[in-house]
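Here the structure comes first, spelled out in structure tokens, and everything after it is commentary.
The values are calculated or read from the model by the stated rules, or taken from the named source; none is laboratory data. Everything numeric here is computed off the predicted structure, so don't read it as measured data. Cβ placement follows ideal geometry from the backbone for every residue including glycine, while neighbour counts extend to all protein chains displayed.
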Amino acid sequence: MFCLVYTSTAKPDFDRTQVQMMLEKARVFNNSNGITGCLLYYKGEFLQYLEGNQVKVLALFDKIQKDQRHCDVELISHGNINAREFKKWDMAYEDFYGDNDTLQFLKLLVSSYLEPSEKALDPNPTSKYFWRTARRLLSNKTTSRLRL
């Protein structure tokens, strides 16, 4: 199993509706290619974690780098993992639009990874702690929506 983390900047005309359409297509593609992961969006910046077969994840990343809807794609890290963090999601997503008390901790972490390195908090964005926290908070959010 292989994982990859990158950041990018959304183009100014890439709005929330277009992000949702992109997510729908990505989830179908990821499902048919055995790729899972998480996409976080904060203040015009994306932070994405992808996991799956190394060849398929790297091929997807090549497509992502050429995608005209965003720019400044930067590979943060990649490597082998023992197990998936997001095995239940073709692509978990959170856009941090507005304040959400449940996700304040994750929002703080995401913002730190988008800051210049001298201001960034530890741990490394591929850390299991970070992505397990993201998974747990997104799971709780999904469960809360189901109760409403």
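Could you list, in sequence order, all residues of the range 2-25 that are aliphatic (A, V, I, L, M) and either within 14 Å of the chain's Cα centre (by Cα) or surrounded by 13 or more Cβ atoms within 10 Å (Cβ to Cβ) (or both)? Lay out the reasoning, then the answer.
Taking the range 2-25 first, the residues aliphatic (A, V, I, L, M) are 4-5, 10, 19, 21-23.
The answer is 4, 5, 10, 19, 22, 23.
Whenever a residue of the range 14-27 is under 18 Å from residue 59 (Cα atoms) and assigned to a helix (DSSP H, G or I), its partners that are among the acidic types (Asp, Glu) and modelled with pLDDT under 90, lying with C-beta atoms within less than 7 angstrom and at least six residues away or across chains, give the pairs 27/90.
Output yes when any residue across the range 57-76 is polar (S, T, N, Q), in a loop (DSSP other than H, G, I, E, B) and modelled with pLDDT under 95, and no when none is. Yes, the range 57-76 has at least one match. Just one residue in the set 71, 3 is within 18 Å of residue 91 (Cα to Cα), touching a residue at least 60 places away in the same chain (Cβ under 8 Å) and not aromatic (Phe, Trp, Tyr); that residue is 3.
Tally up the residues in the range 27-56 that are more than 11 Å from residue 94 (Cα to Cα), in contact with a helix residue (DSSP H, G or I) (Cβ under 9 Å, 6 or more places away or on another chain) and of a type in the set (A, V, I, L, M, F, W, C), please. Write out each step before concluding.
First pass over the range 27-56, keeping only residues more than 11 Å from residue 94 (Cα to Cα): 27-37, 43-45, 49-56.
Cutting the leftovers down to in contact with a helix residue (DSSP H, G or I) (Cβ under 9 Å, 6 or more places away or on another chain) gives us 29-30, 33-37, 43, 45, 49-53, 56.
This time we only want the ones that are of a type in the set (A, V, I, L, M, F, W, C), so: 29, 35, 50.
Looking only at that region, the number is 3.
Please determine, by comparing only the residues of the range 44-75 that are under 14 Å from the mean Cα position of the chain (by Cα) and of a type in the set (D, E, K, R), which one is surrounded by the most Cβ atoms within 10 Å (Cβ to Cβ). The extreme case among them is 51.
Assess whether residue 28 counts as being over 14 Å from the mean Cα position of the chain (by Cα) and either surrounded by 15 or more Cβ atoms within 10 Å (Cβ to Cβ) or over 16 Å from residue 4 (Cα atoms) (or both). Yes. On inspection, residue 122 does not qualify as under 21 Å from residue 3 (Cα atoms) and modelled with pLDDT of 85 or more.
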